[in-house]
Amino acid sequence: MAYLALYREWRPQTFKDIIGQEHVTRTLKNAVETGRVGHAYLFCGTRGTGKTTTAKVLAKAVNCLSREGAEPCNRCENCVAVTEGISVDVIEVDAASNRGIDEIRDLREKVRFAPAAGKFRVYIIDEVHMLTSEAFNALLKTLEEPPRHGIFILATTEPHKVPLTILSRCQRFDFRRISPADTMQRLKEVAAGARLEVEEEALRLIARAAEGSLRDALGILDQGAAFGGMRVTAEDVHNILGTVRVDALNKMAAYLSSGQAGPALRLVGELTGEGKDLRLFARELAGFLRALLLEKISPGASVDEAWDDPARMAALAAGFAEDRLLDAVEIVTAAEQEMRWSTMPGIVLEVALVKASKPGARGDLASFAARLADLEENVKKLAAQRNLYGGARPGGEPAKPQKVAPAEKPSPPGIVKEEPAGFRPRRKQAAEPGRPEDPVLLEEIQDSWGDILDALKKERLPLYHNYLRAFPMVMKDGGLVVGFPEGDSLAKDLAELPDNKKYLETLLGRFFKGEWKVAFKFYQGKLRSREKKRSSEEQMADVKRLFGGTEIKLDGENDGTLF
């Protein structure tokens, strides 16, 4: 006997075997059990979602001689005939090749004959939207008043092309795309029954490539089994479909999130060298970034996308800002569309990746707005760290920045953390005999940290922003340990660059004599300002000096309130 394709050999034969269409099968089972089967049904949905399969199961159920509830027995003469496609009471019509009025007239004549072995004559008309207008008109009267033994099941992938007069005479069922999870489960069952060895990653690749069509998924599995000799691997599926490995998508997403345009372009060059279709890669990348966006907006949503390990997807999504990720999806999707018509699709993709990795590279209003928002956020953080603004003035107006005379300008405050239990800073001690000067203590560095940051701001502004949340933690072995907030790996890594580290050591040498060595660690806890509290008299003097005002007291009051 000739080999039977997997999607035909493993076609569901009962309602319970049909996956992903519970809303359809439940209604049909109840109709069969209660004897309320309609005379005309319209099954709508994309390819491979089970429309024809469901129609055949329904045809078996209504004519089964030994039905078990609503399910056909698949053992009686009528069930076997339908399964093998030789039943005279179940007629399949391909409307794509029998679309004229003559064929429909012939159908109208034959539907009048009583069924030969069962209770009903069932007509399954596939791709019904292909019928001509004249053929639809010929079918209309039969659908409106069919004989009591006639059942029509119309199947189509394009219901909008079916006339409303036909739609109004049918019970409509919309078949949904089968989810990747359900597709993978069915593939596992078929592989076990067919004695195929399939890798888990290969199942995910097939489920994604099928795009909700179980028939397509079984076709790819069948092809993979022939390619690999009853063993299907992820590499085999990639070779069959021309797709790229998930680790390549992971790398590209990481490059885009960190703004590394160079490595991203090199990865495109590697894929080109491997002979991969760049437009297919752009399509996969757009889908992968979309899954990351779902994970970013709704954690856990990417599990149903069958892309990669959920933990790794969550980690990748966390590396993106939501706006950056949304822009990347839009840019890559637009590039994939443009690549279809371009004579140089590789350049289109490379330009898109540069835009996606560098916010503001597009030069449009949205990118400038994003850059401005980032700058505003940095200014807010800077103001909070340096305590540039005080409270609110009477009436709810924000207070103006405090101004002091140059001669009375206090030293910039240092930034420290709340010391952990058991920590005691060293106190200043007398110089040891024979030493030319006192050793520098941690408190002195902390008290001068504001001056050090001011010097950084004047000489190396980018590095100054890097140290805003840093503080001197401890003196150790004649060197200084500078702390960064836990999790701020980017700031710590930037500080550890040889040139930046050497600059800080030189700067410390300018403030405190001698050669310095610095090290960097993470800290936990909140920051507080080392700025000493000023008395109310000192604050009042500053206000008088700034605004040239005088203190006014109400009659009978002596509380010093300033108006």
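Structure values in brief
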read-out: Radius of gyration and Dmax over the Cα atoms of region 6-174, both given in Å; value: 15.0, 42
read-out: Exceeding the 22 Å Cα-Cα cut-off - candidates Lys358/Lys521; Lys29/Lys188; Lys358/Lys502; Lys110/Lys141; Lys296/Lys358; value: Lys358/Lys521; Lys29/Lys188; Lys358/Lys502
read-out: Square roots of five times the Cα gyration tensor eigenvalues for region 246-357, Å; value: 22, 14, 13
read-out: Estimated FRET transfer efficiency (Phe522, Ala5; beta-carbon r; R0 51 Å; 0.05); value: 0.30
read-out: Prolate/oblate/rounded label for region 180-241 (Cα gyration tensor, a/c 1.5); value: oblate
read-out: Protection-proxy order for peptides 243-251, 470-478, each taking the mean of Cβ atoms within 10 Å per residue, highest first; value: 243-251, 470-478
read-out: Cβ-defined net charge surrounding Gly85, 15 Å radius [Lys, Arg +1; Asp, Glu -1]; value: -3
read-out: Cα-projected label distance for Val351 with Ser298, points at 7 Å along beta-carbon direction, nm; value: 3.5
read-out: Net charge contributed by nearby residues that have their C-beta within less than 11 Å of Leu325 (K/R +1, D/E -1); value: -2
read-out: Whole-angstrom gap from region 1-73 to region 473-521, using each part's C-alpha centre; value: 72
read-out: Label-to-label distance, nm, for residues given as Glu505 and Thr34 (7 Å Cα→Cβ offset); value: 8.5
read-out: Environment charge of Thr27, counting only residues whose C-beta is closer than 15 Å and scoring Lys/Arg +1, Asp/Glu -1; value: +3
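Any read-out appearing in this document is the output of simple, stated calculations on the displayed coordinates, not a laboratory observation. Nothing here was measured: the structure is a model prediction, and the numbers come from that model. Reconstructed Cβ throughout: ideal geometry from the backbone, glycine too, with neighbour counts over all protein chains shown.
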